[in-house]
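Below you'll find the structure, written out as C-alpha cells, and then a few comments.
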Amino acid sequence: MDLNTMLPQLETADEEDVERFLRQYIRENSHTFSFDQKEEPLRSKLCQSVLSVLGRLAKPSCQKTCLETLRILSRDKRVLAPVATTEGMLILGGLARLSAGEEGDDNQNISQEDTLSEEQERVVVEALKCLCNVVYNSPAAQQVSVDMQLVHGLCATLRTARTWHHEVGLFTLRLLFLVSALRPDVRGVLRRERHAVRLLTEVLEHTLDVSWVGPYEAASPDPQALPMPAEDNERAMEALKALFNLTLSDTGGEDVHHFRLIAAILRHLLMLKTETEEKTEEAHSHAINLLNNLPVSCLDVLIDVPVQGGLEIYGGKNMDAVQMLIDFMAKRMDKQGSNYKEGLTPVLSLLTEGSRHHREIRRYIKAQVLPPLKDVKIRPEIGTTTRNKLVRLMTHVDMGVKQTAAEFLFVLCKESVDNLLKYTGYGNAAGLLVARGLLAGGRGETQYSDDEDSDTEEYKSAKPFINPITGHVEEPMPNPIEEMTEEQKEYEAQKLVNMFDKLSRQNVIRPMGVRPDGTLAPLEETLCDPVEDSGSDSD
C-alpha cells in the first residue's frame, strides 16, 4: 500500500476503516525487516497516526491491529521518535497493563489479569512486544522508561505470575531483561526497592514446578515424567537472563539464604530435560551463567543432596549436578565452529571455582578429567580425551579461553606446578606459569587438602624418559654432531652464537632469564642481580 495515499485517509477514517487500511499494511510488511530509507518520514508519520488512534478509546480489535502495525514499524530504529516520548510510552505501558502503582495496587493488577478476555489479552501481548522492540532500538525510549518508572509496573506484574498466560509472562520477563541489560543504573533500584531478585526467583520456582523436600533440596524429577514443556522452558530462560543481569555486579545486598535457594533451583533445572536437546542445552547454559554470579560458598548446595551409597570417597556428596556440568563442558568443547569464549568459558570458570573451594567437587572432577597417567608415549595435546582437548585449549588463540582452560587444570592439580607439568608438559603450561610468576616452580596461593595423588606403575617407570617440555616419552633422535670433528663442532657453535647476537641487536628477539621469584626479565638484568654477601672477610 502506498503510504502517501493511506496517511491522509487515516486522519479522517473511522475505526473500521483504520483496521482495514492497517491490516493491508500488515499483510504486505509482516515479514519486512529492512525498510526503504526514502520512506522514513512517511513511516514516522504512520507511527504518530497509530499512536493517535491508540490514545483514543478504541475497541480491542482496533487496538490489536494498531499495535501489530506499530510492532512492524518499531523494527526500524530511525522512525521511533514519536513513540520514544513520555506520551507514547505511557500509551503502550497502559495497553500492556503495566501499572507503576504502589505495593497496595498489586491486588488490583491480579483482578485485571483474571478478567481479561482473549481479545484483551492479545492487546496486552502486542503492547509488550512493541515495548520490547522500542526499548531495544531506542536509547531515548530507554531513558523515558526509566523516568516513568516502567520497572515498577513490571515488578508489580511479576507478582501475578501464577495467573499469567504464556505470552504475557514471556514478554513481561523479556522486557524486564532488556531494561536491566540496557540500563545498568536501574539494576540497583530493581534489587533494593522492588525486590526483583526475590520476585524472579518465585517466578522461576513456579515455572519449573519446584517441590521442596528440604531447606535447599528440590524433589528429584520423575524419570518417567514428560519433558518440560517448551513454553515453560522459554519463560524460565527469560527469568534466568533477567536474574543474571541483577546479580552481575553486586550480590552483597541479598540474603545468603536467598542465593542458596537460587542455587537449589538451578540444580533442579540442571536435572531437567526439555522437548529438544538443543533447548535443554540452552537452558543449562543460562543456569551456568547465573551460577557464576552467585557467591562460591553457595555451590555446596549442588552436592548437599542425599545419595544412595557408592560415593563414600567423595564424602557421600551427590555429584549428579557436577556430572551434568562436566557433560555440558564436553559438549561445548566438541561443537564445531563454536564461540568458545561465550559457550565454554562460563562452565570452565564455574568448575574452576567449585573445585578451588570445595574439595569433594575437585576430587570428583579430577577423576573424570585427569585420571592417573598410564600411556605417556603420546603428547598430552593429542587425542580425544577431555584432558587432551583442555590441553589444546591452553594454546588457543583467544587469550580468555587459553587462560580459563589453563586455570581449570591448574586448580585440579591443586595449583602445584609439578603436577600441572606432569599432565600438560612445560610448553603448554608456559603461558600460565609466566602470568602467575611460577616459572621457577612452586604452588599457587590457595591452600588445599593434604591428600596425595598416587602415580601408576606405568608412569613411574616412564618418568625418567619423559621430555618435560612436550610432556611425553620421545623416540630417541640421532645425534647430529656425533660424527663431527671438534673443529666442526666449534664452527657450528660460533655460527649459532653469531646468529643469536645479530637477532638480538636487531631487536628481533630479546634473551630472557628467570628471576629468583620465578618471573621473567631481560637476561642482562638476571645476570646483574646482586649476589648476597656471604659474610667473608677475605681479600
Among L240, G431, L170, whose Cα sits farthest toward the positive end of the charge dipole of the chain (+1 at Cβ of Lys/Arg, -1 at Cβ of Asp/Glu, about the Cα centre)? L170
Compare the peptides 120-130, 212-222, 156-166 by average per-residue count of other Cβ atoms within 10 angstrom and give them in order, highest first. 120-130, 156-166, 212-222
In this structure, the FRET efficiency calculated for D2 and V210 from their beta-carbon separation, with R0 = 51 Å, to the nearest 0.05, is 0.40
From the square roots a ≥ b ≥ c of the eigenvalues of the alpha-carbon gyration tensor of the stretch 356-440, which class results: rounded (a/c under 1.5), prolate (a/b over b/c), or oblate? rounded
Taking a ≥ b ≥ c as the square roots of the eigenvalues of the Cα gyration tensor, with a/c under 1.5 meaning rounded and otherwise prolate when a/b exceeds b/c and oblate if not, the stretch 314-357 is oblate
Would you grab the residues whose amide H sits under 5 Å from the one on W212? Only those 5+ places off in sequence or on another chain, please, with H modelled 1.01 Å from N. A219
Any lysines with Cα under 26 Å of the K64 Cα? List them, leaving off those in the same chain fewer than 8 positions away. K45, K77, K129
To the nearest 10 square angstrom, what accessible area does K273 show with a 1.4 Å probe? 130 Å²
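So if R0 is 41 Å, what FRET efficiency would E524 and Q488 give, r being the distance between their Cβ atoms, rounded to the nearest 0.05?
Here the calculated transfer efficiency is 0.85.
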Between 0 and 90°, nearest 10: helix 256-270 axis offset from the chain longest Cα axis: 90 degrees
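Just to check, using Stokes-Einstein with a Kirkwood Rh over alpha carbon pairs, what's the diffusion coefficient of the stretch 249-376 at 37 °C and 0.692 mPa s in µm²/s? Don't jump to the answer; show the numbers that get you there.
Working: Rh = 15.5 Å.
In µm²/s, the coefficient is 211.
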Compute the length gained on full extension between R359 and D14: take 0.36 nm times their separation in residues and subtract their Cα-Cα distance, giving the result in nm to one decimal. 117.0 nm
Once Y314, Y426 are ranked on solvent-accessible area with the largest value leading and a 1.4 Å probe, the list reads Y426, Y314
Which FRET efficiency, nearest 0.05, do V497 and V473 yield, Cβ-Cβ r, R0 22 Å? 0.10
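First compute the accessible area of the stretch 371-505 with a 1.4 Å probe, then give the percent of it belonging to carbon and sulfur atoms. Mind showing how you got there, number by number?
Numbers: 4640 of 8510 Å².
So the carbon and sulfur contribution to the accessible surface is 54 percent.
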Rounded to the nearest 20 Debye, what is the dipole magnitude of the chain about its Cα centre when Lys and Arg each give +1 and Asp and Glu each give -1 at the C-beta? 1020 debye
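Might you tell me the accessible area per residue for the chain, computed with a 1.4 Å probe and given in Å²? Can you show the working numbers first?
Numbers: 28090 Å² over 539 residues.
I get 52 Å² per residue for the chain.
Based on the inverse mean of 1/r over its pairs of different Cα atoms, what is the Kirkwood hydrodynamic radius of the stretch 288-447, in Å?
Evaluated over the stretch 288-447, this radius sits at 16.2 Å.
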Stokes-Einstein D for the stretch 1-91, Kirkwood Rh over Cα pairs, 37 °C, 0.692 mPa s (µm²/s): 250 µm²/s
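Let me check I have the definition right: for the chain, take the eigenvalues of the Cα gyration tensor, multiply each by 5, take square roots. What are those semi-axes in whole Å, largest first? Don't skip to the end; give the middle numbers.
On the way: eigenvalues 715, 189, 93 Å².
Computed over the chain, the values are 60, 31, 22 Å.
Can you give me the relative contact order of the chain as a percent, contacts being Cα pairs under 8 Å and 6 or more apart?
Working: 647 pairs, mean separation 40.6, N = 539.
Relative contact order, the chain: 8 percent.
With an 8 Å Cα cut-off and a minimum separation of 6 or more residues, compute the relative contact order for the stretch 406-515 in percent. Spell out each step's value before the answer.
Values: 62 pairs, mean separation 26.6, N = 110.
Across the stretch 406-515, relative contact order equals 24 percent.
Hey, what's the Cα Rg ratio for the stretch 115-255 versus the globular rule of thumb, 2.2 N^0.38 Å? Don't jump to the answer; show the numbers that get you there.
Details: Rg = 15.9 Å, N = 141, 2.2 N^0.38 = 14.4 Å.
Computed over Cα atoms of the stretch 115-255, the ratio equals 1.10.
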Among Y448, A264, Q48, the residue whose Cα sits farthest towards the positive end of the charge dipole of the chain (+1 at Cβ of Lys and Arg, -1 at Cβ of Asp and Glu, taken about the Cα centre) is Q48
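Mean separation of Cα pairs under 8 Å and 6+ residues apart, divided by the residue count of the stretch 184-263: what relative contact order is that in percent? Walk me through the intermediate numbers first.
Numbers: 36 pairs, mean separation 34.0, N = 80.
Dividing the mean separation by the residue count of the stretch 184-263 yields 42 percent.
As a test of the definition: which semi-axes, in Å, follow for the stretch 431-498 when you take the square root of five times each eigenvalue of its alpha carbon gyration tensor? Largest first, please.
Values: eigenvalues 288, 90, 13 Å².
With the √(5λ) rule applied to the stretch 431-498, the semi-axes are 38, 21, 8 Å.
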Taking Cα atoms, how many degrees apart are the long axis of helix 3-12 and the longest axis of the chain, rounded to 10 and kept between 0 and 90? 50 degrees
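Roughly what % of Cα-Cα distances in the stretch 463-510 sit above 16 Å, to the whole percent? Let's see the in-between values first.
On the way: 711 of 1128 pairs.
Counting every Cα pair in the stretch 463-510, those more than 16 Å apart make up 63 percent.
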As I understand it, the value is the acute angle between the Cα axis of helix 359-369 and the longest principal axis of the Cα atoms of the chain; what does it come to in degrees, rounded to 10? 80 degrees
Determine the alpha carbon to alpha carbon distance for each of K279/K402; K317/K389; K331/K422; K317/K366; K341/K377; K341/K389 and list only those over 20 Å. K279/K402; K317/K389; K331/K422; K341/K377
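The values are calculated or read from the model by the stated rules, or taken from the named source; none is laboratory data. Everything numeric in this text was worked out from a predicted model, so none of it was measured. As a convention, Cβ positions derive from the backbone with ideal geometry for all residues, glycine included, and neighbour counts pool all protein chains shown. Only protein heavy atoms, including side chains, enter the accessible area calculation; ligands, DNA and RNA are left aside. Shrake-Rupley method; radii C 1.70, N 1.55, O 1.52, S 1.80 Å.
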